[in-house]
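Working notes, structure below.
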Amino acid sequence: MEVAIMAVTKVVLSLCCVGACGLAVYLYHILWLVPQRVLAKFKDQKIGGPRPSFPYGNLADMREAAAAAKAARASARRSGGGGGGIVHDYRPAVLPYYEKWRKQYGPIFTYSMGNVVFLHVSRPDVVRDINLCVSLDLGKSSYLKATHEPLFGGGILKSNGEAWLHQRKIIAPEFFLDKVKGMVDLMVDSAQPLLKSWEERVDRNGGITDIKIDDDIRAYSADVISRTCFGSSYIKGKEIFMKIRELQQAVSKPNVLAEMTGLRFFPSMRNKQAWELHKQVRKLILEIVKESGEDRNLLSAILHSASTSRVGIAEAENFIVDNCKSIYFAGHESTAVTAAWCLMLLGLHPEWQDRVRAEVHEVCRGQPVDSRTLQKMKNLTMVIQETLRLYPAGAFVSRQALQELKLGGVHIPKGVNIYIPVSTMHLDPELWGPDVKEFNPERFSDVRPQLHSYLPFGAGARTCLGQGFAMAELKILISLIVSKFVLKLSPHYQHSPTLKLIVEPELSVDLTLTKV
């Protein structure tokens, strides 16, 4: 009997050893050999990059460079801080590893994170071809899809192919110019609580006050997207925005295990937090859906599509929730951050603030802002365009070769993730001139320069559908603020760009306000 048990035990152990060896070989193949073959195809084209390590690729180098940059920022703040000496080039602080590699390997190089291969592209001819490519074979990067799933799910921001095309057909018409013109009055109404609150604070503090503007601007932008697209006021949607903000923070750092293995449901503390927030946001959105009326807006278009598609209830609900979350995030967070950067720059450059204020007074002549007057605000438009050049909300345009492609003469194997660093394209002196790191809205006085290298709203077929909506919202808010207040950069302001899905002020934007 004992002999039989021992024999069975040996067989089981042998099978376990064989299974473990097989798993190790499989993981080595997936995590090392496959990406090495892809990197070899780029080396054959004389495209190099930093040497990866098993099994995490170049992740250790990236973390080391980021930690060094963070320590340097902290040291600089301890020794000075304040708003003086602001440098608009945030790349050494936010993306130090890309700057290091670009200097070593040129405008096109490869790197890897785990088993995912990336092609970093800042060469204008390749970027132009990406911009002109309308093929569904060039889709949105799938890297971080597992990490970001609680926030975006299968909505328009992350989907590809026919699924993306279907969602685009539903959402795009809601942001056509004629629809945006009809939203202007709602946008103006949404700005009134902010203006009234700031006026009261200035009056209470003897005609001058310091304000951290970020939260107030987020509230304005959230109210705009709620009223115009979902038919609810900010008060009703406030909890959703707060939860989505928390969710953004929870998924802002890569979940390397999930990206390498596809294991999205490992019960880490961060995963559990993200999925709990996702459940709460889902519940709140579905409650708004139940309360929605017959208004013709984006929500009604999404609901109509879900109700007429031949899918189950759960899939229809996922479609509704994922797209509502995507619009809530894209439609309010990035616009609010751009407005904060724009007001910071106007506080730093009073001569441009005066020009914008004079233009608003001349165009509006004491009447409320409307779609007609918005079109006449040329100086304000240039200021916003220059803000988007220096501080684009999206740090990258990310794409993935869903099939083998050739772009700008470069053969790109299937599965490779292509990252275009927007700030690098926007700060190229050969494209924008020697004053590229300075705030100079005059560079937009003629036809928009460098069409294919100006990427604040993305590139190609995946260009942001809501850019007209965002520009109208920004023009309304900033024109109303500068017509009522004189802005100066507060002595408490510390310049602190940081990347949390989008590039935002880590330590808020502090302005000193007086009434005009």
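The values are calculated or read from the model by the stated rules, or taken from the named source; none is laboratory data. As the structure is a prediction and not an experimental result, all values here were calculated from the model. Cβ coordinates were reconstructed from backbone atoms using ideal geometry, including for glycine residues, and neighbour counts include every protein chain displayed.
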Exercise. Taking segment 365-393 as the search range and keeping residues that are more than 23 Å from the chain's Cα centre (by Cα) and among the hydroxyl-bearing types (Ser, Thr, Tyr), which one is surrounded by the fewest Cβ atoms within 10 Å (Cβ to Cβ)?
Worked result: 371
Exercise. Of all the residues that make up segment 136-165, how many are outside any helix (DSSP H, G or I) and either of a type in the set (Phe, Trp, Tyr) or touching a strand residue (DSSP E or B) at 6+ places or on another chain (Cβ under 8 Å) (or both)?
Worked result: 11
Seminar exercise, completed: Over segment 152-174, the set of residues touching a Leu at 6+ places or on another chain (Cβ under 6 Å) and surrounded by fewer than 20 Cβ atoms within 10 Å (Cβ to Cβ) is 161, 172
Exercise. Do we have residue 221 as within 23 Å of residue 151 (Cβ to Cβ) and among the small types (Gly, Ala, Ser) here?
Worked result: yes
Problem set entry | Residue selected from segment 395-420 under the condition among the aliphatic types (A, V, I, L, M) and over 15 Å from residue 460 (Cβ atoms), by the criterion surrounded by the fewest Cβ atoms within 10 Å (Cβ to Cβ) | 410
For this session: Name the residue, out of 180, 188, 224, that is at pLDDT 90 or above, in contact with a Gly (Cβ under 6 Å, 6 or more places away or on another chain) and part of a helix (DSSP H, G or I).
Result: 180
Exercise. If you check every pair at least six apart or on different chains, which have Cβ atoms under 8 Å apart with a residue in segment 371-395 that is within 17 Å of residue 436 (Cβ to Cβ) first and a residue that is of a type in the set (Gly, Ala, Ser) second?
Worked result: 382/445; 392/423
For this session: Could you grab me the full set of residues in segment 498-514 that are over 21 Å from residue 250 (Cβ atoms) and either free of Cβ contacts under 8 Å to residues at least 60 places away in the same chain or surrounded by 17 or more Cβ atoms within 10 Å (Cβ to Cβ) (or both)?
Result: 509, 510, 511, 512, 513
Exercise. Would it be correct to say that residue 347 is in a helix (DSSP H, G or I), in contact (Cβ under 8 Å) with a residue 12 or more places away in the chain and under 20 Å from residue 467 (Cα atoms)?
Worked result: no
Problem set entry | Filter pass, residue 431 being in a helix (DSSP H, G or I), in contact (Cβ under 8 Å) with a residue 12 or more places away in the chain and of a type in the set (A, V, I, L, M, F, W, C) | yes
Problem set entry | Flag for residue 170 being in a helix (DSSP H, G or I) and among the β-branched types (Val, Ile, Thr) | yes
For this session: Being small (Gly, Ala, Ser), part of a loop (DSSP other than H, G, I, E, B), out of contact with any His (no Cβ under 9 Å at 6 or more places or on another chain) and modelled with pLDDT of 65 or more narrows it down to one of 22, 48, 84, so name that one.
Result: 48
